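Okay, so here's the structure we're looking at.
The values are calculated or read from the model by the stated rules, or taken from the named source; none is laboratory data. Computed from a prediction, not measured in an experiment: that's the story for all the values here. Cβ sites come from the backbone with ideal geometry, for glycine too, and all protein chains shown count toward neighbours. Calculation scope for accessible area: heavy atoms of the full protein, side chains included, ligands and nucleic acids excluded. Shrake-Rupley method; radii C 1.70, N 1.55, O 1.52, S 1.80 Å.
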Amino acid sequence: KRAGRGFSLAELKEAGIAPGFTIQLSMPEDAILRQLNQLVQEQLQAVGLTVELVPVAQSEWYSRVVEQKINFTPMRWTQRPDPDGLLSILFHSTGYANSTKYDNPKVDSLLEQAAGTFDQAKRKALYDEAQAIILDDLPYVPIYFSVEYAAMQNDVMGFEWTPDQVPRFYNVWKK
């Protein structure tokens, strides 16, 4: 078991990924992601893997990820106030944003049980167990969590930053 620690070079070689292997890293055309991808490229080069950076138009990128035409790409998901709002869409076998096609019946069952109870302690235990399995299975490789900032003029009123970091402007008005 990996226990979320990543892969050793021997495990990569066993999977057919050995020094000299070339992989394409597709990315939307974004300056910050370009820097992140260059860092990933340098780090994988250090272990003998060649990463070819392939820019993709932002308008085409996510649909290509969902269609599995891209399988090595940076993903960015924001936190949700309730764990079900992210875990089920990404890691349930039927989740609409499950672009890796991750399928673990035990995780499905835990997520369904957690979503079906109001007992907060039980929900936490179920989500904790699901997350531990997901981290061990590693359908995504988490690299970082970003901090989000918003700046606005003093005459902008009614804006509230939400826990999922998706700005909502329906209550925003200008003084």
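Observations on the structure shown:
- Test result for residue 127, over 28 Å from residue 63 (Cβ atoms), in contact (Cβ under 8 Å) with a residue 40 or more places away in the chain and in contact with a helix residue (DSSP H, G or I) (Cβ under 9 Å, 6 or more places away or on another chain): yes
- In the set (1) among the hydrophobic types (A, V, I, L, M, F, W, C); (2) within 30 Å of residue 171 (Cβ to Cβ); (3) surrounded by 14 or more Cβ atoms within 10 Å (Cβ to Cβ), residue 151 fails one condition alone, (3).
- Within the set 42, 11, the sole residue that is charged (D, E, K, R), surrounded by 11 or more Cβ atoms within 10 Å (Cβ to Cβ) and either assigned to a strand (DSSP E or B) or without any contact (Cβ under 8 Å) to a residue 60 or more places away in the chain (or both) turns out to be 11.
- Segment 54-82: number of residues that are under 12 Å from residue 28 (Cβ atoms) and not small (Gly, Ala, Ser): 14
- Some residue of segment 49-58 being of a type outside the set (Phe, Trp, Tyr), in a helix (DSSP H, G or I), at pLDDT below 90 and closer than 26 Å to residue 161 by Cα: yes
- Every listed requirement among (1) buried (at least 17 other Cβ atoms within 10 Å of the Cβ); (2) within 16 Å of residue 141 (Cβ to Cβ); (3) not β-branched (Val, Ile, Thr) is met by residue 75 save one, (1).
- Wholly enclosed helices (runs of 4 or more DSSP H) of segment 83-148 bearing at least 1 residues open to solvent by 60 Å² or more (accessible area, probe 1.4 Å): 105-115, 120-137
- Filter pass, residue 37 being touching a His at 6+ places or on another chain (Cβ under 8 Å) and polar (S, T, N, Q): no
- Among the residues making up segment 75-93, a single one is among the hydroxyl-bearing types (Ser, Thr, Tyr) and at pLDDT below 90: 78.
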